[in-house]
1. Ordered by residue, what ³J(HN,Hα) values in Hz, to whole numbers, does region B:75-87 give under the Karplus form 6.51 cos²θ - 1.76 cosθ + 1.60, where θ = phi - 60° and Gly and Pro are x?
2. In percent, what relative contact order does chain B have, based on Cα pairs under 8 Å that are 6 or more apart in sequence?
3. For A:Tyr33, A:Tyr388, give me the order by solvent-accessible area with a 1.4 Å probe, most accessible first, ignoring ligands, DNA and RNA.
4. For every helix of n ≥ 4 consecutive DSSP H residues, a contribution of -39,500 (n - 2.57) applies; sum these over chain B, divide by its total residues, and give [θ] at 222 nm rounded to the nearest 500 deg cm²/dmol.
5. Positive end of the dipole of region B:8-115, charges at C-beta (+1 Lys, Arg; -1 Asp, Glu), about the Cα centre: which of B:Ser104, B:Gly62, B:Val52 has its Cα farthest in that direction?
6. Where both residues lie in chain B, what percent of DSSP beta bridges are antiparallel, nearest 5?
7. Report, as a whole number in µm² per second, the diffusion coefficient that Stokes-Einstein gives for chain A at 4 °C and 1.567 mPa s using the Kirkwood radius over alpha carbon pairs.
8. Give the percent of DSSP beta bridges with both residues in region B:125-219 that are antiparallel, rounded to the nearest 5.
Amino acid sequence: MAISFDLTENTLYSRAYYHDVALKQMRPISRKYDDEEHAFPQEWVDFFWKHGRKGPQGGPTDGPSDGFVRVCVQAEELCWGDAGLYLRMPTPALGGSAVSAAGSKEQRKRFLSRFNEPEGTPCWGAMAITEPGAGSDAAAIETTARLDGDEWVLNGTKIFCTAGEGASEAEGGFVVVWATLDRSAGRAGIKSFVVPAGTPGMKLVGLERKLGIRVSDTATLVFEDCRVPRENLLGREEVKQRKSGADSSAGKPGFKGAMATFDASRPIVAAMAVGVGRASLDFVKEELSRQGFAIRYDAPRYDQGAIERDVIEMEAQLQAARLLTWRAASMMTRGIPNSLEASMAKAKAGLVVTEITQKAVEILGPPGYSRKLMVEKWMRDAKINDIYEGTQQINQLIVARRILGYSSGQLR
Amino acid sequence: MIDFQPTEEQQLIIEVVRQFAGNELRPIARDCSELREIPAKVLAQAHELGLVATSIEESHGGGGERCAVTGCLIAEELAHADLALALAILSPALIALPVCDLGSEEQKSAHLPAFTRSQFVPGSLAVVEPDIRFDPLAPRTRARAQDGGFVLDGTKCFVPWLEGGTQVIVIAATERGPRPFLISRDCPGLSVVPERNMGIDALPTVELTLEGVFAPADALLGPDDDRAVRSLIDRGRVGLAATAIGVARAAYEVALEYAKEREAFGAPIATKQAIAFKLADMAIEIDGARLLVWEAAWKLDQGDTVTREATLAHCQARRVALEVADGAVQVLGGHGYIREYLPELHLRNARGFAAFEALALV
Ligand SMILES: Cc1cc2nc3c(=O)[nH]c(=O)nc-3n(C[C@H](O)[C@H](O)[C@H](O)COP(=O)(O)OP(=O)(O)OC[C@H]3O[C@@H](n4cnc5c(N)ncnc54)[C@H](O)[C@@H]3O)c2cc1C
């Protein structure tokens, strides 16, 4: 192997395909669904279910593959189109990552194959961890699961569940719910359960009104004696009792197993962030060039204008975030542990795109603030990347623990 | 295919350079800085590693393995031990590499062999000028065509000037734009005054004054247009950016170790988020900037023009070096301000990246 920044033929082909989707399918309806919060984007969902999910047809199939980097490239492209519509795509999404990471082969088949079948109606996957009293501190969740005969009985309230409307209602979909079997066991007592859409006892009680990504359905789900089959638990049933002090020995499929989902999802969220940031930056550069203003990369510092410096800084920051993302993804492809690098990418991308999109509004002057242009929307959309999948601070915490060799007890 | 793994050979080179830097350079860095001198023995030892000679074409006695990515890996490792020592050790490149890139066969035959022999011969490159409005592509130093050659006038600064060097490359403006000239250090009309700067103290540098210095026609390096200087600056920024990563990493590591040892309020300061998060940000910023440097270097190796990438990498790396070095001083508190600890040296060195515009290190 050798250091290389060449995307493979098939990544380029697929990037071109998704760019076209972003441009022709997403951008034209982007403003509409930002205005009409909670409206169902029928045309987008239909397009994606009929065509988009199959991905590019034809194109190079053999030859080397960028593996997981390619997934990141696709996410960037689609979020360059519209990050909210990306989250509304009928896919297993984060719920799928959880099933893939912690589920058995049988479970993967049972819950995921539906998404690839040519027939059927659109469906969604979702992941429900967050509760009113537990966000960053996921180990503090209070939703309970209790075994009754051959069924798990779930009780509790989940908030901020992305795609929660689709996943809880549309047939074929599912919500992966985190619940505790034994609160006294702490993290070790936490397990995840697949709750199929339409399961009695799972109720959609509301959708959030948000700063951005408004077309994404962010749901509150209540579970009242919600029963799922025993085989819907992901990973092992038994609760390993906490050893005194240390938490390093928690069984893999337990809390740690569930957390491993983030090693895959954080690079994707980082890539999504980069997509939104790039949308703003591309627009700024196009607009500046339309005004006859070219960025001179070779101009001496004293002679560069403030805007030129800003744009160069934005480009460098965005590219640093993108490369950190690709690095984490490429480690994933090779099966190299990447929690540290995934958190680095997420922390960096979340922060820089927040700054870049805010700067873009500033650079564009009065029009930048107007809803006639999209940059104000991209600024609102971008901010979520600094919050979900672990806030900026939580990812800093993870990076800090790793580089210092501290446990979660030593650095809280 | 996207890949972030150095080749096995590169990993081997990193290992060798890292060991040398850790054993031979790091321990003397502080003393070299205080005494403002570098033991000739260390330069000779480093020279034996053949770090520059490897890049020189085989037909001129070198190793024929020119690779900007490898060059960046080496530059980072050396600068991680000490920036001044790194620049001194790599100084032969300041002449050898531009001659490889731009020189005619005659120029190569005349100047390259000096750098492939067993004796260490330093090089010199004069880019920067003592001027607030300095522009590397529009230097005030002039080269007027005269008598079948050129006459150079002007003042340069931050010119590495180690003992034993015989040549210097000077960037000067002709009527048709900036050009590099390779001239002898003892030309009549050329005079030097040793400099004292805020940092990088161990590296001897001079302010170089040229008064009616005659350069024969064959002193001109490269094609008779802007490309020569542009590529020299682009490459020079990438190489310098790689050393900035080394400085940042050195400061970060000192801070990290210190933070785990130092106790305040009954616990290591690293257990406080204000410190731990600062360290996390340093790690993230260093890795991000390094990848920008690698990307620019990789593009150089593809034969592409890298003005944009070099600028992005250079801007990012020098910002990160300064911020990380400053952060390291902060993590050490009052001790960070004391010359017994390294971060203050890292901080003074890191600010130097604002002055040294470009050095042909890779
Ligand atoms: C639009 C949207 C979509 C979402 N989608 C999902 C989803 O699909 N599934 C899901 O389960 N959740 C989802 N979330 C929830 C999201 O992951 C949480 O909001 C996030 O993890 C933060 O939790 P919190 O809101 O409770 O904030 P808190 O945990 O209360 O944090 C508040 C502040 O304190 C900081 N903080 C907390 N702990 C520490 C610490 N130890 N050190 C330093 N600072 C700390 C945080 O960084 C933050 O700044 C979504 C949220 C939103 C807004």
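1. For region B:75-87, the Karplus-derived couplings read 4, 4, 5, 5, 5, 4, 7, 5, 5, 4, 5, 4, 5 Hz, x marking Gly and Pro.
2. Values: 697 pairs, mean separation 69.3, N = 362.
RCO, chain B: 19 percent.
3. A:Tyr388, A:Tyr33
4. Numbers: 11 runs with 170 residues, N = 362.
After summing the helix terms and dividing by the residues of chain B, the value is -15500 deg cm²/dmol.
5. Farthest towards the positive pole: B:Val52.
6. Numbers: 30 of 33 bridges.
Of all bridge pairs located within chain B, approximately 90 percent are antiparallel.
7. On the way: Rh = 22.3 Å.
Estimated via Stokes-Einstein, D reaches 58 µm²/s.
8. Approximately 90 percent, going by the DSSP bridge assignments.
The values are calculated or read from the model by the stated rules, or taken from the named source; none is laboratory data. None of these values were measured; they are calculated from a predicted model. Positions of Cβ are generated from backbone atoms using ideal geometry, with glycine treated the same way; all protein chains shown enter the neighbour counts. Quick note on the areas: whole protein, heavy atoms, side chains included, nothing else; ligands and nucleic acids left out. Shrake-Rupley method; radii C 1.70, N 1.55, O 1.52, S 1.80 Å.
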